[in-house]
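Structure first, then comments.
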Protein chains: 2
Amino acid sequence: MAPRVLVIGGDAAGMTAASAINRLVDDVEIVVLERGTYTSYSACGVPYWIAGDIDSCDDLVARTPQQHRELGIDVRLESTAESIDVEGRTVTWSDEAGTHEISWDRLVVATGARSVRPDLPGIDAEGIHTIKDLHDGHAVLDHLGQGVRRAVVVGSGYIGIEMAEAFAARGLDTTVLERDSTPLPIVEDHVGEVIAKRMAERDVTLVTDAEVTGFDVDAEGRVQAVRTADGTYAADIVVAAFGVTPRSELLPDAEKGVKGGIVTDDQQRVSESEHVWSAGDCVVTLDRISGGLVHLPLGTHANKQGLVAGESIAASLGATWSRRTFPGVVQTAITKFCDLEIARTGLGEEQAREAGFTPVVATIETTTRAGYYPGAESMWGLGIADAQTRRLLGVQVAGGQGAGLRIDTAAMALWSELTVDEIVMTDLSYAPPFSSVWSPVQVIARALTKELSEGSPHPA
Amino acid sequence: MAPRVLVIGGDAAGMTAASAINRLVDDVEIVVLERGTYTSYSACGVPYWIAGDIDSCDDLVARTPQQHRELGIDVRLESTAESIDVEGRTVTWSDEAGTHEISWDRLVVATGARSVRPDLPGIDAEGIHTIKDLHDGHAVLDHLGQGVRRAVVVGSGYIGIEMAEAFAARGLDTTVLERDSTPLPIVEDHVGEVIAKRMAERDVTLVTDAEVTGFDVDAEGRVQAVRTADGTYAADIVVAAFGVTPRSELLPDAEKGVKGGIVTDDQQRVSESEHVWSAGDCVVTLDRISGGLVHLPLGTHANKQGLVAGESIAASLGATWSRRTFPGVVQTAITKFCDLEIARTGLGEEQAREAGFTPVVATIETTTRAGYYPGAESMWGLGIADAQTRRLLGVQVAGGQGAGLRIDTAAMALWSELTVDEIVMTDLSYAPPFSSVWSPVQVIARALTKELSEGSPHPA
């Protein structure tokens, strides 16, 4: 009998793993249990679908359950895994017909993450949405269809600022409540201030240092307002963007890291069993710069980890394709607020200090193209380097069209642990429609060399 | 008496060196001899100025002679160096007043490059332009002002395709004659074909395999047509974009490389004398991948080499700022034809073979943003890797907005000699407005891993 691979979770990580195994192993049965009704979709696209930039949620689905089935993967929708017997190699799962048990030879836990819903008064009111999957997108769009006017977004992480853009694009009176002093806490205040300024320009009301204490709810159970320590914000619709937390409870005995995320080896295998892998938003992963574990629920990591897990399982089933490993991350991320592109890679100043470095910070302002070329827009940047080794530790940028993708150049430099001195002299592209003669990443690196040399006229 | 630094050439390399010395050394006299009337200008901007994208050539001048003088640099315009006595540390130079001699303690040869004008019948006719500096730009604009209709561009390197765009933007009937079978010979045919297609879409006539044999000239000495072995192309204005060659004849005894470019060490010092430095379009530089010397007349290298030369001279005069070195290049370049962005880095297939690698090539097609996101455009890419080491050797791309700058990510990967396997797993940014979940450089790297594994199911 063919070995059975059971995959729990049918989005990026799970279906990438399933597809890799399906491609690499001839004689295998692959069963996928998916709680919802979609597979292989772009959760990252949901805010843009709500904004109206994308016509249909079908556009966000890379491969439907039916397409996966046609390739030979047994996808079971609205099927929820309830518990795992790691020793006995079974999973108990349920659907509307009842509770069932299924045995497996190899297991992939790709359960993803869930939106955090803190225990605040009124949090369960109708009209308070979280944004995690396509079902959430439908709920928000249905709600918008009822004719709402005032939106409040709680939190200004990626989802928060993307939903603020979406609501503003829909013509809603939009307010963002952020606990910190600047929006998008994953960037330093210097970059956050650029975002705050753009929000004001786009008539999005940003309230910083706002500690949400609860929600006002009407007699029908609908949200009416968001309360903070300092004020009350009337709302017809609320997005609660408090972040996400790994769905790791199906493996109670597995080693856990930050936020309870599952720890795996570099083939995405959990330490508890040589027959169990985990990938995607439910795992923690190595940060290559700090050496610590981080929880970064991003589609790009889910895809790569799914591929690694799938290849590792295929190899364990005799496939001859060599196994890749997942080498960790450098915390690269990109988003935008309206026409302001925002990106980061590496460590922030505080993260760098916590990791034992001696961070030095430099900020710059440049343009997205040669200053004299039509369409050149302002771009702000920030770099962090280690004073001891002169190694680049992090870069953050914000600016007009073309600013955001500069982060990949910095990410690649971080990946190879380059010093700021070496980065200044790397061979990056230059032509007036694309760049000043010193690329923005090099402008940041040069600014860092100057900071680092202060008090030390002979840099190494 | 203060030591005297003499700089021959007042553009990117020369003025960057002069400025660095001026900044770092307190007691020094800096004299710059410049043949023309401009300093520190963007030659790369000339085609866009001619196209009408940039209003005035003043926009292309980063710092005027007067601004340099106010900073204490003695800039002498319309002053041509005639010969160098390296032993005696003097330079003979001329201006309209006659011939003079000036002594120096440190010399920077930043004489740049000149446009190649092959010895073809009629090449000196009026109306045949080369594009190298602001004076050339004025000449073309004056000519266009006389009301011309038909433009022929000979050659389709950067300057050739940028001038084709400029003439087309000006509404001229534009023909490009290229000796090779596809335009822009610095990219592989696969990318060249994308450019050829876009030229056709923009009503630019591209004639490939065209060997120019001469020019028809009228009784007043004006060009009338360009002749090739296969046909004659009527022309009111011609740009001869045959490439450039280093102006290195002032140092007849210096070691020379490709095209006669001056060889320097990694501080831009010439081997002939410890008191002579050279930088910019007149030098050859190390290609880090092949290990050979290349002549790459680009502003980005001129700036960096000028900075390195200036800091080296400053150090030789006792400045305590440490010297940087110029580490060589990976042949990164970017340009565009209308809305098609085109870029390359690393070696081409033939270059890779000549350098002793076993090149494997993969081509891909992807989109500039997530396929479903508004504004996503087609993007074509090509990667070259070494079959022995699986190391990335080169990447080339062409496509819509955002395609070109992807090259910097590849350039940074080449810089650190990453394998294609490692690149697949690097942490690059992803969000639907910016990228598919696999960044284009990773799509190329994945395609290469597949190519490399053919016939070898166990890649290293």
Only one of (1) part of a loop (DSSP other than H, G, I, E, B); (2) free of Cβ contacts under 8 Å to residues at least 40 places away in the same chain; (3) within 29 Å of residue A:52 (Cα to Cα); (4) under 22 Å from the mean Cα position of the chain (by Cα) does not apply to residue A:249, and that is (3)
Going through segment A:84-136 in order, the residues found to be in contact with a Ser or Thr (Cβ under 7 Å, 6 or more places away or on another chain) and surrounded by fewer than 13 Cβ atoms within 10 Å (Cβ to Cβ) are A:99, A:101, A:103
Across segment B:149-185, the tally of residues that are surrounded by fewer than 17 Cβ atoms within 10 Å (Cβ to Cβ) and among the hydrophobic types (A, V, I, L, M, F, W, C) stands at 0
*Does segment A:61-72 include one or more residues that are surrounded by 23 or more Cβ atoms within 10 Å (Cβ to Cβ), in contact with a helix residue (DSSP H, G or I) (Cβ under 8 Å, 6 or more places away or on another chain) and either closer than 24 Å to residue A:88 by Cα or of a type outside the set (Ser, Thr, Tyr) (or both)?*
no
Within segment A:44-103, restricting to residues that are within 27 Å of the chain's Cα centre (by Cα) and acidic (Asp, Glu), the one that is farthest from residue A:338 (Cα to Cα) is A:82
The condition of being among the hydroxyl-bearing types (Ser, Thr, Tyr), surrounded by fewer than 21 Cβ atoms within 10 Å (Cβ to Cβ) and either in contact with a Gly (Cβ under 7 Å, 6 or more places away or on another chain) or assigned by TED's automatic domain parsing to the domain that holds residue A:293 (or both) holds, among A:436, A:378, only for A:378
Can you confirm whether segment A:402-423 contains a residue that is closer than 20 Å to residue B:321 by Cβ and either over 28 Å from the mean Cα position of the chain (by Cα) or assigned by TED's automatic domain parsing to the domain that holds residue A:193 (or both)? yes
Result of the Cβ filter at 6 Å on segment B:370-383, keeping first residues that are farther than 22 Å from residue B:411 by Cα and more than 12 Å from chain A (Cβ to nearest Cβ) and partners that are of a type outside the set (Gly, Ala, Ser) and not in a strand (DSSP E or B), at least 6 apart or interchain, is B:377/B:368
- request: State whether the residues of segment B:281-295 include one that is surrounded by fewer than 19 Cβ atoms within 10 Å (Cβ to Cβ), modelled with pLDDT under 95, part of a loop (DSSP other than H, G, I, E, B) and away from every other protein chain (no Cβ under 14 Å).
  value: no
Here the residues within segment A:427-437 that are modelled with pLDDT under 95 and within 7 Å of chain B (Cβ to nearest Cβ) are A:437
Among the residues of segment B:11-26, the number that are under 22 Å from the mean Cα position of the chain (by Cα) and in a loop (DSSP other than H, G, I, E, B) is 1
From the option list B:170, B:222, B:202, B:198, single residue qualifying as over 30 Å from residue B:398 (Cβ atoms) and either of a type outside the set (Phe, Trp, Tyr) or not assigned by TED's automatic domain parsing to the domain that holds residue B:350 (or both) is B:222
Verdict on residue B:424 being more than 9 Å from chain A (Cβ to nearest Cβ) and hydrophobic (A, V, I, L, M, F, W, C)
no
The correct count of residues that are more than 7 Å from every other protein chain (Cβ to nearest Cβ) and crowded, with 23+ Cβ neighbours inside 10 Å in segment B:397-420 is 8
Scanning segment B:319-344 residue by residue, those hydrophobic (A, V, I, L, M, F, W, C) and within 7 Å of chain A (Cβ to nearest Cβ) turn out to be B:321, B:326, B:329, B:330, B:333, B:334, B:343
Filter segment A:305-318 for residues that are surrounded by fewer than 19 Cβ atoms within 10 Å (Cβ to Cβ) and in contact with a helix residue (DSSP H, G or I) (Cβ under 9 Å, 6 or more places away or on another chain); the one that is farthest from the other protein chains (Cβ to nearest Cβ) is A:317
Within segment B:316-337, the residues that are under 23 Å from residue B:441 (Cα atoms), among the β-branched types (Val, Ile, Thr) and in a loop (DSSP other than H, G, I, E, B) are B:330, B:332
Counting only strands (runs of 3 or more DSSP E) entirely within segment B:338-388, those with at least 1 residues that are under 22 Å from the mean Cα position of the chain (by Cα) are B:340-346, B:378-386
Given (1) at negative phi; (2) surrounded by fewer than 22 Cβ atoms within 10 Å (Cβ to Cβ); (3) at the interface with chain B (Cβ under 10 Å from one of its Cβ atoms), residue A:364 misses just (3)
Subset of segment B:114-144, residues within 26 Å of residue B:169 (Cβ to Cβ) and among the hydrophobic types (A, V, I, L, M, F, W, C), comes to B:116, B:125, B:128, B:131, B:134, B:139, B:140, B:141, B:144
Across segment A:194-211, the tally of residues that are within 23 Å of the chain's Cα centre (by Cα) and over 15 Å from residue A:338 (Cα atoms) stands at 1
Filtering segment A:42-60 down to residues that are surrounded by 15 or more Cβ atoms within 10 Å (Cβ to Cβ) and either free of Cβ contacts under 8 Å to residues at least 60 places away in the same chain or within 27 Å of residue A:99 (Cα to Cα) (or both) yields A:45, A:54, A:59
*For residue A:448, are the conditions met, namely being away from every other protein chain (no Cβ under 12 Å), within 24 Å of the chain's Cα centre (by Cα) and aliphatic (A, V, I, L, M)?*
no
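The values are calculated or read from the model by the stated rules, or taken from the named source; none is laboratory data. Given the structure is predicted, the values throughout are model-derived calculations rather than measurements. Ideal geometry is used to build each Cβ from the backbone, glycine not excepted, and the neighbour counts take in all protein chains shown.
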